[in-house]
Each structure stands twice: as C-alpha cells, then as structure tokens.
1. Can you list the HN-Hα couplings for segment 25-30, worked out from phi with the Karplus curve (6.51, -1.76, 1.60; θ = phi - 60°), rounded to whole Hz and with x for Gly and Pro?
2. Within 11 Å, Cβ to Cβ, of residue 10, how many net charges do the neighbouring residues add up to if Lys/Arg are +1 and Asp/Glu are -1?
3. Mind putting together the pair-distance distribution for the chain? All Cα pairs, 5 Å bins, whole percent per bin, short to long.
4. Between the helical axis of 96-115 and the dominant principal axis of the chain, each derived from Cα atoms, what acute angle in degrees is found, rounded to the nearest 10?
5. Tell me the angle of helix 69-89 to the major Cα principal axis of the chain, expressed in degrees between 0 and 90 and rounded to the nearest ten.
6. Suppose every K and R has +1 on its Cβ and every D and E has -1 on its Cβ; what is the size of the dipole of segment 3-110 about the Cα centre, in Debye to the nearest 20?
7. Can you list the chymotrypsin sites (Phe, Trp or Tyr not before Pro) in segment 39-86 that are in a DSSP coil and have 10 or fewer other beta carbons within 10 angstrom?
8. Just add up the charged neighbours of residue 100: K/R +1, D/E -1, any other residue whose Cβ is under 13 Å from the Cβ of residue 100.
Amino acid sequence: MTLHRALWAGRIMSAIVVIALVADGTIQLFAPTQIASMLQETGFAMDLTRIVGPIILACGILYAIPATAVLGAILVTGFLGGAICAHVRIGELGSPPELISLLLGAMTWGGLYLRDPRIRAILPLIH
C-alpha cells in the first residue's frame, strides 16, 4: 500500500471512530432516554450520562486533533475497555456492543498507525 493510500485509509478509519464517539456522546447528553434500557442492563444510573457524555466527546475531540491524537487514542482505548468490561461483567461475552467496542478500539489504533509516522516508527510491523 502506498503511503498516500495508507494515509487516507488511516484518516477514514479515524473519522469513523470520531463519528461513532461524537454520536455516542451526543446521545448520552441530549437523548439519554434512547439508551435507558441499555444503561439499566449494564447497571449504570441514568444521571451518569451527564458525566459520561462529555468524557466521550472529549476523547473523540482529542483523538481527532493531530497534536493530541496519541493521548486521545489512549483515552479512547481506556473508555472502550471499560465498556467491554461492563458487558463481560453482566455475562454478555461476544455481544454486539462488546464487539463494536473492540472493533472501534482496533480502528482507533489502526487509523492512528496509518496516518501518523511517529506511531509507525515506534511500532514497525514490516521491516
């Protein structure tokens, strides 16, 4: 894959991650009743959406900005790991939300790897 194609593939993957995070954060802030049943299933209180929503949005924004993308990727990974843990805790191993979180985490680092030469220098996959 040429460097130009890799860069654009990384940008597209990263954009998908940012869109998913912004959508989730926005729903948490402005339409928490739409996710009330999911929150109840995982054991989270409805009033936590006012805290979790801005955290998700901040992670997405930090990841979208090239200068803070690595910090954003670390925070996104932590957030998605917590989401996976919540589903494992209630016995939903392999559930769609868990698989989506896993996919978004892989896309977070895959997109960053393809668009940031500093990450490729630290983690050379091909010599």
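Values in this text are rule-based calculations from the coordinates and carry no lab data. For clarity, every value in this text was computed on a predicted model and none was experimentally measured. Quick reminder, even Gly has a Cβ in these numbers, built from the backbone with ideal geometry, and neighbours come from all protein chains shown.
1. So the Karplus estimates, Gly and Pro as x, are x, 5, 4, 4, 7, 10 Hz.
2. Local charge sum for residue 10: +3.
3. 2, 11, 19, 22, 18, 12, 8, 5, 3, 1, 0
4. 30 degrees
5. 40 degrees
6. 340 debye
7. none
8. For residues surrounding residue 100, the net value is -3.
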